[in-house]
Every structure is written in structure tokens, then in C-alpha cells.
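Throughout, read-outs are computed from the coordinates displayed, never taken from laboratory work. Just so it is clear, the model here is predicted, and its values are computed rather than measured. Glycine also receives a Cβ, built like all others from the backbone with ideal geometry; neighbour counts cover every protein chain displayed.
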Amino acid sequence: MKIREVAIKKIIYGSTGAFVVLAFALLLSFTFFAGRILESSLSDGADKLRERLGADMAVVPKGSEDSYQGIILSGEPVECSMDRSIENNLKGMDGVEKVTPVIYLASLNASCCSVPIQIIGYDPETDFVTSPWISDEYTTGEADGDMVVGYNIALDVEGTLTFFGRTYTVKARLNKTGTAMDKSVYVTFDVMDILLADAREKGVEFGEGSSEGLSDRYVSAFLIRTEEGADPDLIAGRILRYGNVGVVQSKNMISSVTGGIGFISKIIRIITISVIAIVVLVTAILSMFRAQTRRKEWAVLRMMGASQSWILRLILTENLLVSFAGAIFGILLAALVIFPFSRFIAEQIELPYYGPGGLKVVLIALAALAVTLVAGAIPAIFAGTKAAGTDCYVLMRDGEN
Amino acid sequence: MAIESGNLVKQYTRRNRTFRAVDDVSISIPEGKIVVVSGSSGSGKSTLLNILSGMIRPDEGNVLIEGKDLAGLSVRERDMLRGKKIGIVPQVQSLIGGLTVRENIVLQGTFSGKKSESSSDDVRIYAELLGIEELLDVFPNSLSGGEMKRVAVARAITGDHEYIFADEPTGELDPENAGKIMDVLRSQADSGKGVLLITHDELVESRADILYSMAGGKVTPVMTNTGDVGDSHPPLPLKSQNDLLKGEHL
């Protein structure tokens, strides 16, 4: 009989307490896999946010700084407006490379709208933030206007969206970012003007005066890209002198996000390391106990001619097989928990969350498997060495006792 | 060829008192013979079996298995030699839990180097001879003590070793099954294997080719029907042997 055959039989029929080792292996692989997936998703989410922001700072109406961050980080639908007249001043400012206006309009959670979300209007002539992210062209618009949707926006059956009583054709979908931007809808200013006019009829307040050509007079924010080497703090200071405006710098927003991610990552790591330590310790105690209670068995095997290394390999094989099974179950269980609920998790932690791709998932699963196997093998080697190294006759006497 | 030993000594210390479990013993296990060592509990019989099989080292003296001195072998070499040359039936229950009776028997082939196909045939043949053919697919925890003993005998002989050592092979057995075991062991000896039996069962003693008595760690030849042991001590009638074993030595 091969060692593997004997080990499998012992695990299944041998009453060796293998199920306890399996449970701890499952716990370890579950924690490691789930922890690494979460950590990786948050880290990648932060990277995507950094890339996706595209602008170094946003100029918003004074007092709307938090609302802007809410739009970017959690997709909280809000609207705000400011006079567009400072646009040329911003464009002419030293250190400013590009300026583009944007309009934020929250759709209503009512029968007039498909979904309550943030609608973002951009100026196709000056935009440097949204257009580069368009991944799939769907159709050229034949309805009232064209829309580009975030990765997570669900369309109506006809592939359209309805806002404020009007139906729009979706032209394209953006790449996944793992940020709140995946839950937004993007329109050009001409479409936004139609939306704003309809919205005002429904009671939404935006700008003043006629609803005709509102985007020419009012916007919600200006996104600014600074020239390389320019000091963003200096530019922000100059902008604030205009009064009635606020500045949100991307680096500050990113740093608050990465700070939150760092904190969560730290907790995940502490939990993972603690679980590894506990599992190694418990597995070590269990392995020693299991080896001790089976001393008579080792004696019989030695008597039959089994070498010390054969016994060591048997104990190691048993532990590795049990750890392997536990690791696979743990990884599958973690995958069942993490992947279907990733969006829920992202919403709960209110941080950018970008799930890893297939290759990365496989690598993390392999790492979880390796860590679990090592955690199972090290105690088995100690227990096996002790069991196999004890004199055969002493074992027989122990067995008789 | 035979297993030869000379001037074996094994000492133990118990409660600060040192005593010799085996005291200057020289014994031979020739091929084709049943050698029986008989004696009361604590006489040192099992220690002698363990020394002769290489499971423990003697403090003095040596054991030669087909010319190889066990003292010169490493633990691994002794394990391998024992696995290949000697099938052992220990006194205590020795079946591996979690493996069926068949697997317990076949496992011996792993260490004796026999191919599984031939072991499989042997398993069936010896199981029938020992009356355990119905038990081959059950687990040891459902066997009686006597059934376990018969399985242990089947395991020892299926390995096709050159020597069979058995410690109380008929213990816990009724006369009929004890007789079956002795018949199988006799057939093993007749096929050229050396058989060493440790016992205090008269049935086993009566089947001996060479009978030794052991008391206080010392071995005394009682009888031989071969003329190889103690030419001055010809085989004795069984009744005389038993009288001797009760206290008198030759």
C-alpha cells in the first residue's frame, strides 16, 4: 500500500481527530483568502480612483466641498450650481494646464426616473476626465440625446434610461473603476440642458433665470489639471481669493481614501496573522496529541518494518491532505461570501472597491493554499519526528499500558 | 541459514534496582524449525523476542541474521531487515485502526517488499486456513481478541518472511482456533521458515522442534527433536517437559 492510500484511509476511518485539523485549516484559508481579496480590492480601488479622477483639483461652490467628495467617493446624488463667469479666469491662471466645467444633477427617486443616481454633465470640447474612460460604444443616439453610463448602471429592457419623464438612448458604457463613478450617468452639455429644463419643471432648483441654455451660465464645478511642476496648494490659494468658491484637491481626497484603506488593511492583516498564529499553535497541539495517542500504532508499524521516515511521511501526508481539503473548502467558502456580496461590501465600507481579475484571484487562492499547507506541515513534522524517533520497544510498552 | 545469538544481556532498572531481563542467553533459530521459548510472565521471553528481532539492542552479546550482525546496523537498516526477514505476531492487539483486515494484512507487504498481486492471493489462502475469510473487509474494532490474533498471524505469514516470531500466538484462542494457528505455523516451518514462539501454552510447547525454558532471564534447553541443540539433552516426552517447565531445569 502506498503512504497516500494509508493516510486517506486513516483520515476517513481512523478516528484520528482529522476533522478538527480540517476545521482550523478551513478557518485559516478562509481568513487569508478573504482578507487578501478585500485588501487587494481596496488597494486597486484606490488606484482606480486616482487614475479616474483625472483632475488635480475641483473648484466648487463655497460650502459644497463635502457634497463633491460625496459624489466622487460614494456616488451620493446631489446638485449644486455656480456662476460660470470665473471659467476664463481659471483658464488664464499660472500653473493651470486644463479646465473643464461639469454639472451634477441628482435624478429623482420617482416614477419619472429609471433610477435615483447622479447625472454628470461634461463639455465634450474641453473634457479630459470622462471621455478617456469610454470602453464600449453601443449606438449613435436617435432619441432625445445620448448618454454614457457607469459600469454598474442597469439599463431598461430597451437599452434606454428615463429621467424626468424623458427617455434617453445609452451610447456607451465606461470601464469599471470600482468607485462611485460606476454608479453615475454621463451626458454632454446639450443633453444636460434638456435634463435641467425638465428637472426644473419637476421642482429641482438649479441656477437662475430661463431654463434655456443653462449650462452656458451655470455649472456645478470646474475640474482643473495643473501643469507639471506647478504647486497645487499655491493654485488653490489663488482660486480661493475669488470668493464664494471652494477647492477640493484630489491628493487630499486620495489621501483620506488611502488612509481609510490603510486602516482597514491593517485590521485585516492583524486578523489574518492572529488566525495564522492561533491555527499553527492549535494544529501543533493537536498534531502532538494525535501522534501521542497513536504511539501504539507507530510501534506496530515499526515492528512490521516501517522505517522512521515512513512514519514521519505518513503523519505529514495525513496532515497535508487534511490541510489541503480544509484550504480548498475555506477558499471556496470565502469566494462564496466575498464575490456575490462585493458590491454590498463596497457600499458598507464606503471606499473604492475594485475586485481583482481572474489571474489575481488564482494567485491569492494559491497563496492561501500554500500558507495553509505550511501551517499544517510544520507541526506535523515536529509531531512526526517525535513519534518516529521514539524507540520501537518503548512504544510497544506504552501501547500495552 | 539461521538467526544466531550469543551471550545476550539486557538490563533494566526499576525502582532503583537493576535486574537482568535477559541474562547471558545464546539461542539459535534455524530455518525449517519451530523453536519455542516457554516460561512464566516476567521471565524475559518478550524482551528476548524483541532483541532477536532487532527492535531493541542488547547491552551485551550479538544477534546475527543470516550472517549480518544487528549491532553493526543503523536503526533504518534494522527496520528494513526486520521488515524483509521477520514476520512478527506481538502479544498485544496490533491491528491498525481505520484499515480493514485485508488492508492490515496487505500493509505488511509494503515493508517486506512483496508485490501486491501475490500478497492478495496469499491473503485469501491464509485467511481461509485461519478461518478469517469472512472478516477480510471489516475493521479491527469489530473483531474479538481471538480474531485479532488470527489476523495478526495471517499478516505475519503473508509477508513471506524467512522467519516468523510470535509472542503468545494462541493467547485468547479456543483450542480449535489455536490448533489452526499451530497448523499454519507448522506448514511455515515445513516450507523452510524459522519459527520462534514465545508461550506458556502447553499446546504450543507440544508442537516445538526445539523447546527452551526461560526463567529469571536465563534460557535452558529442554528438548530438541533435531539433535541440533544440546546433544546431551535428547527430546523428552511431553509430560517430562511440562514437569521441567514447572520448576525443574535440565
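Bridges between two residues of chain B, per DSSP, are antiparallel at a rate of about 55%.
Here the label points at A:Lys91 and A:Lys360, each 7 Å from Cα along the C-beta direction, are separated by 3.9 nm in the simple model. In the stretch B:42-114, what GluC sites (Glu not before Pro) fall in a loop by DSSP, with at most 14 other Cβ atoms inside 10 Å? Loop-located and lightly packed - B:Glu66. Label-to-label distance for A:Ser309 and A:Tyr242 is 7.9 nm, based on points extended 7 Å past Cα in the beta-carbon direction. Taking every residue in B:75-84 and counting other chain Cβ atoms within 10 Å of its Cβ, the average works out to 5.
The modelled label-to-label distance for the pair A:Ile12/B:Arg124, using points 7 Å beyond Cα in the direction of Cβ, is 2.3 nm. Full extension of the chain segment joining A:Asn252 with A:Val20 gains 78.7 nm, where the gain is 0.36 nm per residue of separation less the Cα-Cα distance. Between B:Glu77 and A:Ile264, what FRET efficiency comes out of the Förster formula 1/(1 + (r/R0)^6) with R0 = 45 Å and r the beta carbon distance, rounded to 0.05? After rounding, the FRET efficiency stands at 0.20.
Per-residue Karplus couplings for the stretch A:277-294, computed as 6.51 cos²θ - 1.76 cosθ + 1.60 with θ equal to phi - 60°, are listed in order as 4, 5, 5, 4, 4, 5, 5, 4, 5, 4, 5, 5, 5, 5, 5, 5, 6, 10 Hz, Gly and Pro entered as x.
Mean per-residue shielding of peptide B:93-104 is 5, counting Cβ atoms of other chains within 10 Å of each Cβ.
Taking the Cα centre of chain A as origin and assigning +1 to Lys and Arg Cβ atoms and -1 to Asp and Glu Cβ atoms, the resulting dipole is close to 3400 debye. Of all the options B:Asn16, B:Asn104, B:Asn50, the one that moves most in a Gaussian network model of chain B with Cα springs shorter than 10 angstrom is B:Asn16. Taking amide H positions as modeled 1.01 Å from N, with prolines and chain starts lacking one, the residues under 5 Å from B:Val36 and 5 or more places away or on another chain are B:Leu197, B:Asp209, B:Ile210, B:Leu211, B:Tyr212. Here A:Ile349 and A:Glu201 are evaluated by their C-beta separation; at R0 = 30 Å the FRET efficiency comes out at 0.20.
Phi angles across the stretch B:199-208 convert, under the Karplus curve 6.51 cos²θ - 1.76 cosθ + 1.60 with θ = phi - 60°, into 3J(HN,Hα) values of 7, 10, 8, 4, 4, 5, 4, 5, 9, 6 Hz, Gly and Pro given as x.
The local environment of A:Gln69, defined by Cβ-Cβ distances under 14 Å, has a net charge of -3 under the rule Lys, Arg +1 and Asp, Glu -1.
For chain B, the longest principal axis of the alpha carbon atoms and the long axis of helix B:116-129 meet at an angle near 70°. Between amide H atoms placed 1.01 Å from N, distances below 5 Å from B:Gln91 occur with B:Asp167, all of them 5 or more places distant or on a separate chain.
The GluC sites (Glu not before Pro) of the stretch A:180-214 that meet both conditions, a loop assignment by DSSP and at most 16 other Cβ atoms within 10 Å of the site Cβ, are A:Glu205, A:Glu208, A:Glu212.
In order along the stretch B:54-61, the phi-based Karplus estimate (6.51 cos²θ - 1.76 cosθ + 1.60, θ = phi - 60°) of 3J(HN,Hα) comes to x, 6, 10, 8, x, 6, 9, x Hz; Gly and Pro are listed as x.
When both bridge partners sit in the protein assembly as shown, DSSP labels roughly 65% of those beta bridges antiparallel.
Calculate the FRET efficiency for A:Ile378 and A:Glu228 from the Cβ-Cβ distance with a Förster distance of 51 Å, rounded to the nearest 0.05. Efficiency, from the Cβ-Cβ distance: 0.50.
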